Each structure stands twice: as structure tokens, then as C-alpha cells.
Amino acid sequence: MRGTIPRGMTMTLPRLAVSTLAALVALAVPATAPAAPAPQRLAGVGNWVWDYQQIAPADAAKFRGATGVVTVTQRRTSEALAAIHGQGALAFSYLNVYWLPLGRVYDGVDLAQHADWWFCGANHSPLSGRTTGGAGHQVTWAYPDLNEAGMRSAVLAYLRGLKAEGYDGVFFDRGVVALGRGALPAAVSTCTGDPVTPGATFADAYARIVRDARAIGLRIVLNYGSGRLPTSVARVVERVMQEDAPRSSPANDIAVAFARRAIESRRRTRYVEEVKTSRSGDRAGAFLAWTEVALWPIDIDINSGDAGCSGLPTTTVCFHYGTFPELTGVRRGFAVTSGPTGSRCHGQSAIVCLWERRWSQAVVAVNETPRPIRTVLTVGATCRHVVDVWSGKRIAAGRCVRRFRVQIPPHSGRVYQEAARP
């Protein structure tokens, strides 16, 4: 996979971006570790859907063109999986065994009923991670001891149940803090009664569960950010999710994001960039964020549903600000140009520019400048039928074209998809 800036356009990053890029370059390619056989890799760049809602048959259209769909526990599992699989997508179940809420079954376990399965700190004191919910409805989340034989057995039973229900894989959330950030990953519980592996750290036990899931036959997606994957899980992880919060408009934000994506696009383990809008119905923001990622050979997801952000008792941050099936359905194909090409830059900036990239089945254009830009886009040496995904209309009234003229509004992204002959 390659996503470099072509020789004709040298990106001069601001100082902050350069230092960030240097740090990213220093990260090694994930090593392999002896573990379960790696699953067959999914070819090409793809689109994903994170849908943290109940899925009905009518939702199937939102998944058309998706590589995979990640969802939460469903009341009607077979109905939800049929909607996903019917569109040719893989179905992944959300999993969070980093911490679990007390007082209700979550990932197959109510930790409140198993005090001996808690992870303990100094003096055999059970550790609590966070509290969610308002006054009178607060929920405490505690860390599970995945090295406790009973706890591990319960998780394995839950994973086998997911496989039996028809899920293709699991999405492990909170991977970076479970495996590599802060004090917890290196800690050893002080009250493990029946250890699977004596002396195993929190990260050791968490990594073992990830490998266990793969051994059961489930594909693995891990929320880990842009850091190097630990060797304990690198072989079995098929996708790494990188979350992007809604960004402001300073050029440094764009430069840092571009620098990171250039690195990620060369990694052996494919990334899924989860982009997010900051308000409901922000279609323009969705297209801008999506196309910025689509300049690189990185899989893309946007938001996590479309039912708004009310009535969610266990989350304090919500990005259920809209699904965009028209973007999920875009087929980019393989990269034709060697990287994003910048031109028409604003002032002295090398980042606030018009960026373009040609794929075998689409052309992506992003205008980072504060002014509208008219430009001519090329689809290839042979003519093709093209549709403007933003408007849903065919270019040149449906005629076959090799190039076409468009106007890209300021701070906007557009994608032009090869279409069937009318």
C-alpha cells in the first residue's frame, strides 16, 4: 500500500506537523508473533459502518458497499445479521472487556455478581474505572481480571456464542489503554484466585483473549490508534481503528492528519479511519472529512448511527449524527496516482490547497482553501461514465468523458464515481 505525496508536490509541513511526522516515522512496522493463523486479508480499500443501534430490515440500504458493519448487542440478532450479510458485508460485534458496568449483563458478564473476577490493585482492593449516568442513575464500571480462570471462561463462552449466532468477527474497543498506555497494562492483579497464567499482567491477559477470539474463528478489529501494535496481537488483528474527532480548521490540524495518514497507509495492518461530524445532518462536514481520508489507501467509517444522541445511559460522548449511505457505497478501487496531488494553495501554505487523487473507479477532490475553485479532473485515458456522488447526478449529462470541469466549494470535499453506462 502506498500513499505518498508525488514528487511534483512537496508538502512543507509546519513545525508541529514535522515533529509529529518524525515521531510517527520512528514507529516500526508491527511484527508478527506466533499465534493463530492470520485470516484471509480483505483486498482493496473499503468502507465500514459502525452502527451502535438496533438494526431492522429497513436499515439494510445503509450497509450497501460496506466491507464490514460493527454493531452492539441486538434484540433480534438474526434479523440484524441478515440485513448486514444481505449487502455482502461482514458482521462484527462490539466488545469491551477493558471495563464492564456493574449491575447488568455486558459482554456476557455481570461483574457485580462475581466480585472474585475483579482486577485488584494494592492490598487486594478492586479497581473501578469510571462512573457514567446522571444523579440517581449512575453506573460504576470495574476492570475485569481476565487472568482469572472463571472470568476468561465466561468471555470465551460469550465469544463462542457470537460465532454460533453468525457474527464474522469482533471489534475490541479500548485496545490502546488495555495493551499499551498508562499503568494498568503492566499491572498484575493482587487477588487472582485461580490464575490462567501466574503473574500475567492485564495486557498479557487482554492479548490472550484477543488471540482466543481469533482461534474461535472470529475476525479481529482493534481500536488502537496510530501506535505500533504489540507483537502479542499483531498477527491476528485484521484492522486497526483510528478515531478522528471533529476537527477545527487550522492548517496544523490538516498537516498532522496528512502526516499520520501517509505513515498509516504504508503499514501492513490496514487502518479504518473513523471520521465524525459534530452536529446532526452535517452532510457537508461528512463529505469533507470522508474525502480527506479517501485521498489515502485507508478504509473509512463515519459516525456510529443516525438516531441522535438522546437516551443513551452508558455514554457521555455520542457521534450518532447521521449515516451517509452514498459515501458507504463509493468504490474507490486501487490507486492510479502515487499519492494526493496538491495545487492552487492558499497564500504561502503547502497544506491549505486543492487536493486530488485518482483511483481506478473514482476521483477524490478536497478543497481546503477558503475560496471556491474551478478545476478539471481526469478520469483516465479512456472515457468513462461518471456520477457526482454529492448531487447524485451524472457528469456531462451522462456522456462518456475522459475529463470534466467542476467547481469545488471552499472547505469542501467531493467524490466522483465511475458509473454504469446509462
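The values are calculated or read from the model by the stated rules, or taken from the named source; none is laboratory data. The shown structure was predicted, so the numbers you read here are calculated from the model rather than taken from an experiment. Reconstructed Cβ throughout: ideal geometry from the backbone, glycine too, with neighbour counts over all protein chains shown. Only protein heavy atoms, including side chains, enter the accessible area calculation; ligands, DNA and RNA are left aside. Shrake-Rupley method; radii C 1.70, N 1.55, O 1.52, S 1.80 Å.
A few points about this structure:
- By a 1.4 Å probe calculation restricted to protein chains, Ser278 has an accessible surface near 70 Å², given to the nearest 10.
- Difference of contour (0.36 nm per residue) and Cα-Cα distance, Thr197 to Thr132: 20.2 nm
- Residue-count net charge about Trp118 - beta-carbon cut-off 13 Å; Lys, Arg +1, Asp, Glu -1: -4
- The chain - accessible surface per residue (Å², probe 1.4 Å): 42 Å²
- Remark: spin-label model distance Arg371-Ser343 equals 1.6 nm, labels positioned 7 Å along the Cα→Cβ axis.
- Listed values (1) 5, 23, 33, 26, 11, 2, 0; (2) 4, 21, 29, 25, 14, 5, 1, 0; (3) 4, 17, 27, 27, 15, 5, 3, 2, 1, 0, entry calculated as P(r) over Cα pairs in 10 Å bins from 0, in percent: (2)
- Projecting the Cα atoms of Val233, Cys191, Gly136 onto the charge dipole of the chain (Cβ charges, centred on the Cα centre) puts Val233 farthest toward the positive pole.
- Counted by Cβ distance under 13 Å from Ala381, the other residues give a net charge of +4, where Lys and Arg count +1 and Asp and Glu count -1.
- Counting only protein chain heavy atoms and rolling a 1.4 Å probe, the accessible areas of Leu127, Leu222 rank, largest first, as Leu127, Leu222.
- Overall dimensions of segment 324-422 by Cα: Rg and Dmax, Å: 13.3, 44
- Largest mean-square fluctuation among Gly193, Gly166, Gly333, in a Gaussian network model of the chain whose springs join Cα atoms under 10 Å apart, belongs to Gly193.
- Trypsin sites (Lys or Arg not before Pro) within segment 44-119: DSSP coil, no more than 14 neighbouring Cβ in 10 Å: Arg75, Arg76, Arg104
- Cβ-Cβ FRET estimate between Asp110 and Arg268, R0 fixed at 41 Å, reported to 0.05: 0.60
- Calculated [222 nm] ellipticity per residue, helices only, for the chain: -6500 deg cm²/dmol; basis is -39500 (n - 2.57) per DSSP H run with n ≥ 4, divided by all residues, nearest 500.
- Taking the C-alpha atoms only, the angle from helix 149-165 to the longest principal axis of the chain is near 40 degrees.
- Within the listed set Ser93, Ser391, Ser280, the Gaussian network model of the chain (springs between alpha-carbon atoms below 10 Å) gives the highest mean-square fluctuation for Ser391.
- Within the same chain, lysines fewer than 8 places from Lys393 are excluded, and of the rest, those with a Cα less than 27 Å from its Cα are Lys62, Lys276.
- When segment 206-247 is reduced to its Cα atoms, the Kirkwood hydrodynamic radius in Å: 11.0 Å
- For segment 81-186, dividing the convex hull volume of the Cα atoms by the residue count gives 135 Å³ per residue.
- Under 14 Å, Cβ to Cβ, from Thr73 - net charge with Lys/Arg +1 and Asp/Glu -1: -3
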